[in-house]
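K.L.:
My questions all concern the structure below.
The values are calculated or read from the model by the stated rules, or taken from the named source; none is laboratory data. This structure is a prediction, so every number in the text was calculated from the model and none was measured. Virtual Cβ from ideal backbone geometry, glycine too; neighbours counted across all protein chains shown. Side chains are part of the model used for accessible areas, which takes the heavy atoms of the whole protein and leaves out ligands, DNA and RNA. Shrake-Rupley method; radii C 1.70, N 1.55, O 1.52, S 1.80 Å.
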Amino acid sequence: MQPKLIIHGGAGSSLQGKGGVEAVRKLLYGILEEVYGLLKEGASASDAVVRGCQLLENEPRFNAGTGSVLQSDGQIRMSASLMDGHRQRFSGVINVARVKNPIDLALRLQAEDDRVLSDQGSAELLRELQLPIYNPLTDLRLNEWMEERKGNFHRTMAGVIAEPEAAPGRDPEAGRGTIGVVALDQDGHLAAGTSTGGKGFERIGRVSDSAMPAGNYANGQGAVSCTGIGEDIIEECLAARIVIRVTDGLSLQTAFEKSMQEAGANGRDLGAIGLDRTGVIAWGKTSEVLLGAYHSGDKLGDTLELEPGVQVGRLY
Ligand code: ASP
């Protein structure tokens, strides 16, 4: 079966100018090429998803791993999850600190009886695995937090991606920069992974959708990764909602359309990417922008310049 791959670097408000769009496109395509290469060599969907998440986490412009946003108390707490669709198995970590790739912990937990760990459990696991202590803080995110502190955190979220030139005049409603990867491998197996630094400036202990089935879900029929306001995603139970609709017989395209229309009508601010087991690639959003890109085996494409508002697309 021809592998398929779709990735995202968050949803939110508009990128500043074409320079921003081109830079993000280049970044996303580079990652697509590398991960698609693995799938072509026979990597499993889960392995490809983990590699894709690592690459996106390592990219400081996105809000996951290195470059994660700071919470209201100036600390970084990250969340990540992996769902192997073939085994229908979900694992994840919530509010973990001082690790380079939170997705590695999610991968490790796939083999455990206890598969979702909160902050304390994640810290224990880190110690157990003897992973090196890592500080994901970047100057850009620190400055963003310090600016915001002066204004007493009036913004509800940090910027969609770290853009040095865009910081001062940026849309105060801004956006997010969570990352996600969804893959279909040669054996027809699906997987989804999502990783985030959270919304930015949030209360200590706030839990993101990214390590919940609402934000990241897969089974044998479909796989979806979400981004946007976590509370909105949770209340729509978006990833599981789309995948279950496909499981019950809707096409992936229709499942996205229906779910995005409902989310739009509920005033939600979110986006999602997905695949089904036949290789259909789909995406949808209610937000202004969705930083998605896909590789069909024949061509690469992206969702960087969609119209604002509810939009759904697919590639057969
Ligand atoms: N969904 C993430 C959260 O609310 C943020 C994002 O997608 O950028 O934690």
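K.L.:
Taking the stretch 114-130 on its own, how many of its residues are part of a helix (DSSP H, G or I) and open to solvent by 60 Å² or more (accessible area, probe 1.4 Å)?
P.N.:
5
K.L.:
Right, next: Give the residues of the stretch 164-201 that are at pLDDT below 90 and more than 17 Å from the chain's Cα centre (by Cα), sorted by residue number.
P.N.:
Across the stretch 164-201, the qualifying residues are Pro164, Glu165, Ala166, Ala167, Pro168, Gly169, Arg170, Asp171, Pro172, Glu173, Phe201.
K.L.:
With the requirement that a residue be buried (at least 20 other Cβ atoms within 10 Å of the Cβ) and either hydroxyl-bearing (Ser, Thr, Tyr) or under 16 Å from Thr303 (Cβ atoms) (or both), what does the stretch 270-279 give you?
P.N.:
Leu270, Gly271, Ala272, Ile273, Gly274, Leu275
Residues checked against (1) part of a loop (DSSP other than H, G, I, E, B); (2) free of Cβ contacts under 8 Å to residues at least 12 places away in the same chain; (3) closer than 17 Å to Ile133 by Cβ:
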site: Leu70; (1), (2), (3): yes, no, no
site: Phe90; (1), (2), (3): no, no, no
site: Lys100; (1), (2), (3): yes, no, yes
site: Glu112; (1), (2), (3): yes, no, no
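K.L.:
Can you find a residue that is under 17 Å from Gly279 (Cβ atoms) and modelled with pLDDT of 95 or more anywhere in the stretch 15-28?
P.N.:
So far as the stretch 15-28 goes, no, none of its residues is under 17 Å from Gly279 (Cβ atoms) and modelled with pLDDT of 95 or more.
K.L.:
Now a separate question. Tell me whether the stretch 105-125 contains one or more residues that are away from the ligand (no atom under 16 Å from the Cβ) and modelled with pLDDT under 95.
P.N.:
no
K.L.:
So which residues in the stretch 55-67 are in a helix (DSSP H, G or I) and surrounded by fewer than 24 Cβ atoms within 10 Å (Cβ to Cβ)?
P.N.:
Leu55, Asn58
K.L.:
Would the stretch 60-83 turn up any residue that is small (Gly, Ala, Ser) and farther than 25 Å from Gly198 by Cβ?
P.N.:
no
K.L.:
Evaluate the following for Thr286: is it open to solvent by 10 Å² or more (accessible area, probe 1.4 Å), away from the ligand (no atom under 16 Å from the Cβ), among the β-branched types (Val, Ile, Thr) and more than 15 Å from Val182 (Cβ to Cβ)?
P.N.:
The answer is no for Thr286.
K.L.:
Tell me which helices (runs of 4 or more DSSP H) are completely within the stretch 196-269 and hold 3 or more residues being more than 13 Å from the ligand (Cβ to nearest atom), more than 21 Å from Ala97 (Cβ to Cβ) and open to solvent by 50 Å² or more (accessible area, probe 1.4 Å), or say none if there are none.
P.N.:
Hits in the stretch 196-269: 238-247, 252-265.
K.L.:
Checking the structure you have, find out if any residue of the stretch 68-78 is touching a Ser or Thr at 6+ places or on another chain (Cβ under 7 Å) and open to solvent by less than 10 Å² (accessible area, probe 1.4 Å).
P.N.:
Among the residues of the stretch 68-78, at least one is touching a Ser or Thr at 6+ places or on another chain (Cβ under 7 Å) and open to solvent by less than 10 Å² (accessible area, probe 1.4 Å), which makes the answer yes.
K.L.:
Only one of these conditions is not met by Gly215: (1) out of contact with any Phe, Trp or Tyr (no Cβ under 7 Å at 6 or more places or on another chain); (2) farther than 25 Å from Gln54 by Cβ. Which number is it?
P.N.:
Among (1) out of contact with any Phe, Trp or Tyr (no Cβ under 7 Å at 6 or more places or on another chain); (2) farther than 25 Å from Gln54 by Cβ, Gly215 violates only (2).
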